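Here is the structure we will look at.
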Amino acid sequence: MPAPDPTTLKGLVDSTPAESLLIRLADYYAGRTLPEKGVDSEVKYDCPRTQLMVRTLVKGSSIGAHFHTVSDEYVIVVGGRGEILVNGTWKTVKMGDVHVCPRGIVHDTRAPEENLRYLSIFTPHLPPGTDINWIQ
């Protein structure tokens, strides 16, 4: 069944992008070359309302404590183990765990013993480099 023209749907504010997306994470991760340190991150979906990043935090690395003023962040752990700073306390996370972090809340992610694979979903869209407030 063909989809309706998004520009003609009543009440549809934004239709960018105008197609859906399927990410096969096993294939995605199999084809990645990771850095020696830090985070490997790729934006896979981006529109004014939402942004999806597929990420790997390399063993021994940390993102760094920060907060967002515009975007809420949802972290879905899809592989490995790590730790997320939740309300000031480090919590161990593994595949299947979800962290919901409203804007204005300080958070951090680290991978002390193995690589941590996860999805970050930002709503609304996270403008590159403009809504990350680092904690010194």
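Since every read-out is calculated from the coordinates, none of them should be taken as a lab result. In this text the structure is predicted, and so the values were computed from the model without any measurement. In this analysis, Cβ positions are derived from the backbone assuming ideal geometry, glycine residues included, and neighbour counts consider all displayed protein chains.
Points worth noting:
- Evaluating 6.51 cos²θ - 1.76 cosθ + 1.60 at θ = phi - 60° for every residue in the stretch 125-136, the Karplus couplings come out as 2, 8, x, x, x, 10, 10, 10, 10, 6, 9, 7 Hz, glycine and proline recorded as x.
- Rounded, prolate or oblate (a/c below 1.5 giving rounded, otherwise prolate when a/b exceeds b/c) for the stretch 33-104 by Cα gyration tensor: oblate
- Cβ-based exposure ranking for 123, 69, 56, 33, in which fewest neighbours within 10 Å come first: 33, 69, 123, 56
- Checking every one of the trypsin sites (Lys or Arg not before Pro) in the stretch 10-94 against DSSP loop status and a limit of 13 other Cβ atoms within 10 Å picks out 10, 24, 32, 37, 49.
- Calculated on the alpha-carbon coordinates, the convex hull of the chain measures out at 134 cubic angstrom per residue.
- Rounded to whole numbers, the Karplus 3J(HN,Hα) couplings from phi for the stretch 108-115 are 7, 9, 9, 10, x, 10, 7, 4 Hz, using 6.51 cos²θ - 1.76 cosθ + 1.60 with θ = phi - 60°, and x at Gly and Pro.
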